[in-house]
Structure formats: C-alpha cells, structure tokens
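My questions all concern the structure below.
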Amino acid sequence: MAKTFLLLGALAGAVGVALGAFGAHALRSRLTPEMLAVFETGVRYQMYHALALVALAAIEPRMGGYLVATAGWSFAVGILLFSGSLYVLALTGATAFGIVTPFGGLAFLVGWAALAIAAI
C-alpha cells in the first residue's frame, strides 16, 4: 500500500504543479478573478493532499491497517472529486459539477478522521 500511496501522491503533486503553472500563466487572462480563485483552490487542495499521500506512504509500513488505507483512498477520491470538480467549474462554467465538490470535501474529512483514529 505504501508504494501505491507514494505513486498517487507523486502523480497528484506533479499534476498539481502543472495545473498551478497553467493557471498562473495561461488562465490568468482568460478567466474571471472569481473563476481563477476557484481553479487555484482546486490546485491548493490537490497539493495539500498529494503531500498527505506521500506522508501516508512513509508511515504506512509502521502503522498499516485499514484506517491508514481508508485515509489514503479517501484523499485520492477527494482530489478527484473536490479538485476535479473545481477545475471543471472554472474551465467550463458548468455549475452542475458544483454538486460534486462537497462529496470531495467529505472524502477529505473522512481521510483525516481515519488518520486521526489510526493515530489513537
């Protein structure tokens, strides 16, 4: 599981850096300030949770267990749902994707709660 979370974290981090640069350079003149802020929020949360996945990869061999796995998979799902829906919203203006965002936020919360319980 550690290698899986390391791979997911590394890929999410690389994509996050690329999307951050894309937002800063290519989108600044094309999006409204509000939609650029939405895009940047997606990048920020993706990077936070990419780092969390890398940290989980480091602690998984010592802690292991289903709670650590739950945390990692929840972070990965959260990145896809939360950040992904914000990217779609910012780039297309399709507000229908806004309904997905809270489920991604919930996945992040589940991941952090699982990690906290694992620590106890």
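May I ask for the distance between the Cα centers of the range 48-71 and the range 16-44, given as a whole number of Å?
If we compute the Cα centre of each part, the gap is 28 Å.
Could you point to the label whose value was computed as volume of the Cα convex hull per residue in Å³ for the structure here, given (1) 105; (2) 81; (3) 149?
Answer label, from the structure shown: (2).
Helix 33-63 versus the longest principal axis of the chain: what angle, 0 to 90°, nearest 10, using Cα atoms?
Here the helix axis deviates by roughly 10 degrees.
Given the rule -39500 (n - 2.57) for each run of at least 4 DSSP H residues, summed and divided by the residues of the chain, what is its mean residue ellipticity at 222 nm, to the nearest 500 deg cm²/dmol? Could the numbers behind the result be given before it?
Numbers: 5 runs with 94 residues, N = 120.
So the calculated ellipticity at 222 nm is -26500 deg cm²/dmol.
Starting from 0.36 nm per residue, how many nanometres of slack lie between Leu109 and Tyr48 once their C-alpha separation is accounted for?
Numbers: separation 61, 0.36 × 61 = 21.96 nm, distance 1.29 nm.
Length gained between Leu109 and Tyr48: 20.7 nm.
Moving to a separate point now. Which net charge results for the neighbourhood of Met1, defined as the other residues with beta-carbon distances under 14 angstrom from its beta-carbon, given Lys and Arg at +1 and Asp and Glu at -1? Walk me through the numbers on the way to the answer.
Details: positive: Lys3, Arg62; negative: Glu60.
Around Met1, the charge tally is +1.
Could you tell me which residue out of Gly42, Val17, Leu109 lies farthest along the dipole of the chain toward its positive end? Charges go on the beta carbon: Lys and Arg +1, Asp and Glu -1, centred on the Cα centre.
Farthest towards the positive pole: Val17.
Calculate the spin-label point distance for Ala2 paired with Thr95, positioning each point 7 Å from the Cα along the beta-carbon direction, and give it in nanometres.
4.8
Provide the FRET efficiency to the nearest 0.05 for the Ala10-Arg62 pair, computing r from the beta carbons and using R0 = 22 Å.
After rounding, the FRET efficiency stands at 0.65.
Find the relative contact order for the chain and round it to a whole percent, using C-alpha pairs within less than 8 Å whose residues are 6+ positions apart. Don't jump to the answer; show the numbers that get you there.
Values: 148 pairs, mean separation 35.5, N = 120.
RCO, the chain: 30 percent.
With axes computed from alpha carbons, what is the tilt in degrees of helix 65-78 against the longest principal axis of the chain, rounded to the nearest 10 within 0 to 90?
Long axis of 65-78 versus the principal axis of the chain: about 0 degrees.
Round to the nearest 10 and give me the degree value, 0 to 90, for the angle of helix 2-22's Cα axis relative to the longest principal axis of the chain.
Between helix and principal axis, roughly 20 degrees.
Excluding ligands, DNA and RNA, what is the solvent-accessible area per residue of the range 1-103 at a probe of 1.4 Å, expressed in Å²?
Numbers: 5620 Å² over 103 residues.
The answer is 55 Å² per residue.
The values are calculated or read from the model by the stated rules, or taken from the named source; none is laboratory data. None of the values given here were measured: they were computed from a predicted structure. Note that each Cβ is placed from the backbone with ideal geometry, even for glycine, and that neighbours are counted across all protein chains shown. For the accessible areas, the whole protein counts, side chains as well, though only heavy atoms, and no ligand, DNA or RNA atoms are used. Shrake-Rupley method; radii C 1.70, N 1.55, O 1.52, S 1.80 Å.
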